[in-house]
Amino acid sequence: MSKEPSDFHTFTGYRMTSSQELTPAMEDYLEMIYRLYHQQVKIRIGDLSRHLNVQPSSTTKIVQRLKQFGYVDFEKYGEITLTDKGMNEGKYLLYRHEILHHFLCVLNHSNDELEQVEKIEHFMDRKTILQIEKLTLFLENHQDYDQ
């Protein structure tokens, strides 16, 4: 048995070596804030909690973290607004979600793959998402693949 160090890590190990500041939960919140922003809804903690099916206290904690990192502006009992940084990241997060959802729907010949997307979207980098988008277009244009 080799005693050489391995390049493999546990999921937590990979997460610890990542330079990414947003956790998967923070990404979910930011994506939903971005969605609501584009619906021109005034976003408050209670509304965000209801949309994500979480407790307001959890929402407050995450929104405070997003504010710390410069993604949102928020004052207690006030409206949540996106900063430019939050707007850019939110746009990407929604794009990533839509690409993965479309891909899985095409792949599985279905109309709803929301649960799977929510489970995997946080673990793919931007290059992979771009490649999945290209693959999805290819699959759609070659509908004769094995069903």
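The values are calculated or read from the model by the stated rules, or taken from the named source; none is laboratory data. A quick note: this is a predicted structure, and the numbers were derived from the prediction, not measured. Methodologically, a virtual Cβ is constructed for each residue, glycine included, from the backbone with ideal geometry; neighbour enumeration extends over all protein chains shown. Surface accessibility is based on the protein's heavy atoms, side chains included, excluding ligands, DNA and RNA. Shrake-Rupley method; radii C 1.70, N 1.55, O 1.52, S 1.80 Å.
Points to keep in mind about this one:
- Among the conditions (1) in a loop (DSSP other than H, G, I, E, B); (2) among the hydroxyl-bearing types (Ser, Thr, Tyr); (3) within 18 Å of the chain's Cα centre (by Cα), the only one that SER110 does not satisfy is (3).
- All positions within the stretch 30-79 that are at negative phi and hydroxyl-bearing (Ser, Thr, Tyr): TYR34, TYR37, SER49, SER57, SER58, THR59, THR60, TYR71
- Meets criteria (part of a helix (DSSP H, G or I), charged (D, E, K, R) and without any contact (Cβ under 8 Å) to a residue 24 or more places away in the chain) for LYS85: yes
- If the condition is being at pLDDT 95 or above and of a type in the set (Lys, Arg), then the stretch 94-125 contributes only ARG96.
- The set of residues in the stretch 115-145 being surrounded by 13 or more Cβ atoms within 10 Å (Cβ to Cβ) and within 12 Å of the chain's Cα centre (by Cα) consists of VAL117, GLU118, GLU121, HIS122, MET124, ILE129.
- Neighbours by Cβ (under 7 Å, 6+ apart or cross-chain): first from the stretch 8-32, over 19 Å from GLN55 (Cβ atoms); second modelled with pLDDT of 90 or more and outside any helix (DSSP H, G or I): GLU21/PHE69
- Residues in the stretch 88-126 that are β-branched (Val, Ile, Thr) and without any contact (Cβ under 8 Å) to a residue 24 or more places away in the chain: VAL117, ILE120.
- Here ILE80 clears all of (1) in contact (Cβ under 8 Å) with a residue 12 or more places away in the chain; (2) farther than 13 Å from TYR29 by Cα; (3) among the hydrophobic types (A, V, I, L, M, F, W, C) except the condition numbered (2).
- Test for GLY70: is it in contact with a strand residue (DSSP E or B) (Cβ under 6 Å, 6 or more places away or on another chain) and either open to solvent by 20 Å² or more (accessible area, probe 1.4 Å) or closer than 14 Å to HIS38 by Cβ (or both): no
- Within the stretch 83-114, the residues that satisfy the criterion of being farther than 20 Å from ALA25 by Cα and open to solvent by less than 60 Å² (accessible area, probe 1.4 Å) are PHE103, LEU104, CYS105, VAL106, SER110.
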